[in-house]
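Step one of this worksheet: look at the structure below.
The values are calculated or read from the model by the stated rules, or taken from the named source; none is laboratory data. Fair warning: this is a prediction, and the values are worked out from it, not measured in the lab. Don't worry about glycine lacking a Cβ; one is built from the backbone with ideal geometry, like all the others, and counts go over all protein chains shown. Note: areas computed on protein heavy atoms with side chains; ligands, DNA, RNA excluded. Shrake-Rupley method; radii C 1.70, N 1.55, O 1.52, S 1.80 Å.
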Amino acid sequence: MSIKRTTTLKAFQATLRRDLLIAYKRKNEVVNPFMFFLIVATLFPIGISPEPDRLSEIAAGVLWISTLLASLLAMDSLYRADYEDGSLEQLLLAPHSLYFMVLAKNLAHWLISGLPVVLVSPLIGYMLSLPAESFGTLFVTLLLGTPVLSLLGSIGVALTVGLGSRGLILAVITLPMSVPVLIAGTMAVQQTLNGASLAGYLAIMGAMLLASISLAPLASAAALRISVN
Amino acid sequence: MWLWFSKLGSPKWFYELSGKWLPWLIGPMALLLIVGIIWALLFVPPDYQQGNTIRIMYIHVPFASISLAFFPLMALAGTITLVWRMKLADIVAKTAAPLGAWFTALALASGSIWGSDIWGTWWIWDGRLTSMLLQFFLLIGVISLRSALEDAEAAAKACAVLSIVGCINVIVIKYSVDWWNTLHQPSSPFSLSNEAPNPPEVWIPLVIMIFAVYLFFAVSLILSMRNEILVRERRSEWVQQLVQAT
């Protein structure tokens, strides 16, 4: 009997496909964070003021904070089920670099929970009277920023996956780390409204994305090895 | 060299050695604290703009400057824990986190009292204040992760990873927040000349206070490390002999 060897690329694809398939079968976990995002964004006009003038000032921040909270809520499902049914252990035992496996899981997770939020953001922006000229900026910054949120959140989830109740601890660990993304994202939108150039902000967000793609999965992988043992 | 290195990792050896060091640290600390505080409170001339409020600086600046050292220290200790599994490094990491939270909180509180007089407000969302506050939250995160994980070895490694990630993050937060909004005055240069913005009679007591607070930090760290060593080694023979002897 010969042993079949798979390449890292194949393993990456298999992990990605598996996670997407699981999400497709358990639609709840996909829909809930998304609905949470919509509801949180709806609470701000009710809690602060329904006046368009006031709303347009805070709209970018509201969208970013709602995205951040929704991504935090969605993070929970990233390694949880796999940890419970033991498939996470198999992933750690697999002869492939854990870095790419983690990256595949993060990518799948972002496609399921991050991308829908990004896609619907112009609509919510419109409802919050965000000035029309900044829709494009908001969209692009969310597109660059949400993967960073997922990648950073993944470290927190990996560290706490073995804990029984870890909702709050995850928030305490993850939220302060997301501040730079939040700052860059909201400032970029502000910058568009002032009519200034965006290049610097987009470059910084791109740098954050590249840095977190290359470094965060390493930390997540190390954290998973600690938590599972 | 390796013998020295493995010795350094032994809690018992550290406990004995630090017992000998402590008087040599506590003595200068007390001396510097007394000299520094009396000098700063009674003999420094009032500032021409800030009056007597300037004396808060002698507490605030030392605490703020040492607060910045905690994440690098914890990240270093965490790296040593992960790479060499040195017991002592984890003891440093574990005891440094609550101390760091206290020092950061004191830096924030003293700064806030100073600001209430100079800026006319207790809190503003200024770059330095915000990054200190976020550092405080990150330290609380490390502490709560440590207390949530029951297995001591897993907790040590998990906190090591979080400290390293946190250390990188604190730097990114610092720059991004500064760039976001800054009102806080930049650090002023020290100079011996009398025409400089800070004449020697203002900064010499500040330097004394900075050394005093650094020694205070060293003493607090060593004391809580000794405590932690006794707790961890409570089943070992030497600790039980120590307890019976007292």
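Some points to look at:
Rundown of residues vs (1) at pLDDT below 90; (2) more than 18 Å from B:C167 (Cβ to Cβ); (3) surrounded by 16 or more Cβ atoms within 10 Å (Cβ to Cβ), yes/no style:
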| site | (1), (2), (3) |
| --- | --- |
| B:L3 | yes, yes, no |
| B:F14 | yes, yes, yes |
| B:G27 | no, yes, no |
| B:L32 | no, yes, yes |
| B:N52 | yes, yes, no |
| B:F63 | no, yes, yes |
| B:M74 | no, no, yes |
| B:L88 | yes, yes, yes |
| B:G100 | no, no, yes |
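- Exactly one residue among A:L198, A:L142 is open to solvent by 10 Å² or more (accessible area, probe 1.4 Å) and touching a residue at least 60 places away in the same chain (Cβ under 8 Å), and that residue is A:L198.
- Within the option set A:G185, A:G167, A:G206, being modelled with pLDDT of 90 or more and under 17 Å from the mean Cα position of the chain (by Cα) holds for one residue only, A:G206.
- Residue within the stretch A:127-140 that is at pLDDT 90 or above and within 17 Å of A:P33 (Cα to Cα) present: no
- Lone qualifier among A:L151, A:L198 - being more than 10 Å from chain B (Cβ to nearest Cβ), more than 17 Å from the chain's Cα centre (by Cα) and not β-branched (V, I, T): A:L198
Each row is one residue, and each column tells you yes or no for (1) of a type outside the set (F, W, Y); (2) open to solvent by 20 Å² or more (accessible area, probe 1.4 Å); (3) assigned to a helix (DSSP H, G or I).
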| position | (1), (2), (3) |
| --- | --- |
| B:W114 | no, yes, yes |
| B:W123 | no, yes, no |
| B:T130 | yes, no, yes |
| B:F137 | no, yes, yes |
| B:K157 | yes, yes, yes |
| B:S163 | yes, no, yes |
| B:N169 | yes, no, yes |
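- Hits in the stretch A:213-229 (condition: at the interface with chain B (Cβ under 10 Å from one of its Cβ atoms) and under 18 Å from A:T146 (Cβ atoms)): A:L215, A:A216, A:S220
- Matching option when the condition is open to solvent by 10 Å² or more (accessible area, probe 1.4 Å) and either touching a helix residue (DSSP H, G or I) at 6+ places or on another chain (Cβ under 8 Å) or touching a residue at least 60 places away in the same chain (Cβ under 8 Å) (or both), among A:L159, A:L175, A:L224: A:L175
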